[in-house]
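First the structure, in the form of structure tokens, and then the observations on it.
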Amino acid sequence: MRKQLVLDAGGVIVTNLTPGFWTMLADAARVPYPDIRAAYKAELRDGLWTGAVSEADFWRWLGDRCPDVAGRDARELLLRNLRPLPAFERVAAWSRLADVHLLSNHRAEWLAPVVERLRPYLGHVVISSEAGASKPADAMFAALRGRLAPDAPVLYVDDHPGNLAAGERFGWTGLLADDDGRWTGEADAWLRQDHCE
């Protein structure tokens, strides 16, 4: 049975928006970083990731909080902070050894360029803003699990331990993505080994 490789996006194949985007935004807006991050977490984050808050609402909120930064400038800062990580280039090779899927807390609009570049190598893509749930909620994992072969071995890579624990509840093998990218060697080894249950 073909193996399944499930990858988070931020911190795994592309950079996380935190701290880069928020640091640059705080500097440009002359707003203390802790203040803008705390407001975002308290007022917007969960709804933004689950799609309850639209992307347009996010930009309006940001404009109210950071009036010194034009909308176009803020959008440019965000896109500049979504850079491919080294694992991005390995997805094509991994797709020859396993079915590769994305499971990410993100905005589909922001990940679209990433997904488009990887489309030939990806199976299913589940992004929280489209799924209506965010990790570590079981609904997010169930949205992908239902599309995978029931007994296929699954390696799930994420940079947040709490998300890995949720995946492991579904019987997936978890692998923590470290900042240095050492996890990619472990993923290679898992993909190349014979799977015996």
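The charge dipole of the chain, taken about its Cα centre with unit charges on the Cβ of Lys, Arg, Asp and Glu (plus for the first two, minus for the last two), comes to roughly 340 debye.
Per 10 Å bin, what percent of the C-alpha pairs of region 92-197 does each bin hold, from zero upward? Each 10 Å bin holds this share of Cα pairs: 14, 46, 37, 3. When shorter helices are ignored and each DSSP H run of at least 4 residues is given -39500 (n - 2.57), the per-residue value for the chain at 222 nm works out to -13000 deg cm²/dmol.
Tell me which DSSP H helices of the chain clear both cut-offs, 30 Å or more of axial length from alpha-carbon atoms and a mean Kyte-Doolittle hydropathy of at least 0.0.
Working: long enough: none.
Counting only whole DSSP H runs, no helix qualifies.
Would you mind working out the accessible area per residue for the chain, using a 1.4 Å probe, and quoting it in Å²? Can you show the working numbers first?
Working: 9760 Å² over 197 residues.
Result: 50 Å² per residue.
Whenever you get a sec, compute what percent of the accessible area on the chain sits on carbon and sulfur atoms (1.4 Å probe). Carbon plus sulfur share of accessible area: 49 percent. Which residue, chosen from Leu164, His106, His124, occupies the Cα position most advanced towards the positive end of the dipole of region 96-175, where the dipole is computed from +1 (Lys, Arg) and -1 (Asp, Glu) charges on Cβ about the Cα centre? In region 96-175, that residue is His124. In plain terms, if you count all Cα to Cα distances in the chain and split them into 5 Å steps from zero, the share in each step is 1, 7, 16, 19, 20, 15, 10, 7, 4, 2, 1, 0 percent.
The values are calculated or read from the model by the stated rules, or taken from the named source; none is laboratory data. Computed from a predicted structure; not experimentally measured. With ideal geometry, Cβ positions are generated from the backbone for all residues, glycine too; neighbour counts draw on all protein chains shown. Note: areas computed on protein heavy atoms with side chains; ligands, DNA, RNA excluded. Shrake-Rupley method; radii C 1.70, N 1.55, O 1.52, S 1.80 Å.
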